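Okay, structure first, notes after.
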Amino acid sequence: METVTVNLGKKTYTIEIAFNLLSSVGPKIRALSKGEIAVIVTDSNVGPLYAKTVEASLKAAGFKVEIITFAAGEQSKNLHTLSTIYAALAKAGVTRSDVLVALGGGVTGDMAGLAAATFLRGIDFVQIPTTVLAMVDSSVGGKVAVDLPEGKNLVGAFYQPKAVYIDIEVLQTLDPRFFYDGMSEVIKYGCINDPALFELLEKTGPKQVPQYLAVIIAACCNIKARIVERDEFDTGERMVLNFGHTLGHAIEKAYNYNKYSHGEAVAVGMATITAASEKAGFTKAGTTERIKELLTLYHLPLEAGITEEQMADAVRLDKKKKGHELTIVLLKEIGTSFLKKIDFKDVNKYI
Ligand code: GLY
């Protein structure tokens, strides 16, 4: 088992990474919570596969268990579904001492986390992420949110979980496309902070990677934990986690979120921005080639077929903008990243 601690004073928590963890989460959660009720929030894909195992473990640890299941997919991550979760929590008689268990991918973790942050002004929650993307990114660090018709993640909070339990075993049922989707974020961590991780990914390739998954996921969680410890509320350094994301979000949006997955769009974003910054002399020569080769090895796209102007327009609408400025993330070389403020009129130079 690998463990990573996120040190945030009274909000400190542990991420456990192991095989077959689902059947033993009950006693672990019991050790953190004196609650009577544990509510599992899950979706229609993950629930039928894994909710029973988690339920049995929680019951054996003395919890009364409720399961709330919503229709799988980003289109459920909205205020309407959130209100159905609130109603189910109220109906179950959940009190402030009870605990919510988010079992699923990023949509589940983000939305259940926001429900936990706000129901009764905050109840405890734990994350059990079931996709690579949620394991290495969204379940760690306390960003919780739902989407509005006007944009993604526009209503949210910073609310840390009490623990994160990562069971590698569940990745066996993950659609290969979404395995690679998550590997895009893993590659991102290598790019921004960890040349050894990048080299390991180059050496292993997708066939051998499953045997290193615990180590790889722990490496990503460690990087994220250290960054979140220094910048919990995303006012500075945490922005490096957005490497490739400004262009990535633009690509996802240009296709109305139904052609490229998040990781695929971020892959195009990382390749595109590094090519531009290498050309501008900010990035060591040869870096783009290495990134492109690694993305291709993990079946990720390098381009998305939208014009420079479409990308620039979408970037100008990015929610991370301030006034006429936008902060972008560039690499000096593999493993070393930095933030650069650019003016809107210069956006095209970075595409
Ligand atoms: N997903 C980026 C962050 O947590 O800051």
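Descriptive notes on the structure:
- Contact map, region 262-282: residues that are within 13 Å of Tyr350 (Cα to Cα) and touching a residue at least 40 places away in the same chain (Cβ under 8 Å) paired with residues that are in a helix (DSSP H, G or I) and aliphatic (A, V, I, L, M), Cβ distance under 7 Å, separation 6+ or inter-chain. Pairs shown: Met270/Ile291; Thr272/Leu247; Ile273/Leu247; Thr274/Ile291.
- Taking the criterion of being of a type in the set (A, V, I, L, M) and either closer than 14 Å to Thr327 by Cβ or within 16 Å of the ligand (Cβ to nearest atom) (or both), the residues of region 265-286 that qualify are Ala265, Val266, Ala267, Met270, Ile273.
- Looking only at region 265-297, residues that are of a type in the set (Asp, Glu) and open to solvent by less than 30 Å² (accessible area, probe 1.4 Å) come to 0 in all.
- Some residue of region 176-186 being more than 16 Å from the ligand (Cβ to nearest atom), outside any loop (DSSP other than H, G, I, E, B), over 12 Å from Asp137 (Cα atoms) and open to solvent by less than 60 Å² (accessible area, probe 1.4 Å): yes
- Those residues of region 192-209 which are over 19 Å from the mean Cα position of the chain (by Cα) and open to solvent by 30 Å² or more (accessible area, probe 1.4 Å), in sequence order: Pro195, Ala196, Glu199, Leu200, Glu202, Lys203, Lys207, Gln208
- Region 333-351 residues that are closer than 18 Å to Thr272 by Cβ, paired with ones that are of a type in the set (A, V, I, L, M, F, W, C) and at pLDDT below 85 (beta carbon under 7 Å, 6 or more apart): Val347/Ala312; Val347/Val315; Asn348/Ala312; Ile351/Met311; Ile351/Ala312
- Scanning region 298-351 for residues that are open to solvent by less than 70 Å² (accessible area, probe 1.4 Å) and assigned to a helix (DSSP H, G or I) returns Met311, Ala312, Ala314, Val315, Arg316, Phe344, Asp346, Val347, Asn348, Tyr350.
- Residues that are open to solvent by 30 Å² or more (accessible area, probe 1.4 Å) and either aliphatic (A, V, I, L, M) or within 9 Å of the ligand (Cβ to nearest atom) (or both) within region 212-233 comprise just one, Val215.
- Once region 241-264 is narrowed to residues that are in a loop (DSSP other than H, G, I, E, B) and either at negative phi or within 15 Å of the ligand (Cβ to nearest atom) (or both), the residue that is most open to solvent (accessible area, probe 1.4 Å) is Asn258.
- Lone qualifier among Leu154, Leu82 - being open to solvent by 40 Å² or more (accessible area, probe 1.4 Å), among the hydrophobic types (A, V, I, L, M, F, W, C) and more than 22 Å from Glu55 (Cβ to Cβ): Leu154
- Strands (runs of 3 or more DSSP E) lying entirely in region 84-164 (those with 1 or more residues that are free of Cβ contacts under 8 Å to residues at least 40 places away in the same chain, over 13 Å from the mean Cα position of the chain (by Cα) and within 16 Å of the ligand (Cβ to nearest atom)): none
- Of the strands (runs of 3 or more DSSP E) lying entirely inside region 2-68, those containing at least 3 residues that are more than 15 Å from Pro129 (Cβ to Cβ) are 37-43.
- Positions within region 26-76 being open to solvent by less than 80 Å² (accessible area, probe 1.4 Å), of a type in the set (Lys, Arg) and touching a residue at least 40 places away in the same chain (Cβ under 8 Å), in sequence order: Lys28
The values are calculated or read from the model by the stated rules, or taken from the named source; none is laboratory data. Quick caveat, the model's predicted, so the values are computed rather than measured. Quick reminder, even Gly has a Cβ in these numbers, built from the backbone with ideal geometry, and neighbours come from all protein chains shown. Heads up: the accessible areas ignore ligands, DNA and RNA and are worked out on the full protein's heavy atoms, side chains in. Shrake-Rupley method; radii C 1.70, N 1.55, O 1.52, S 1.80 Å.
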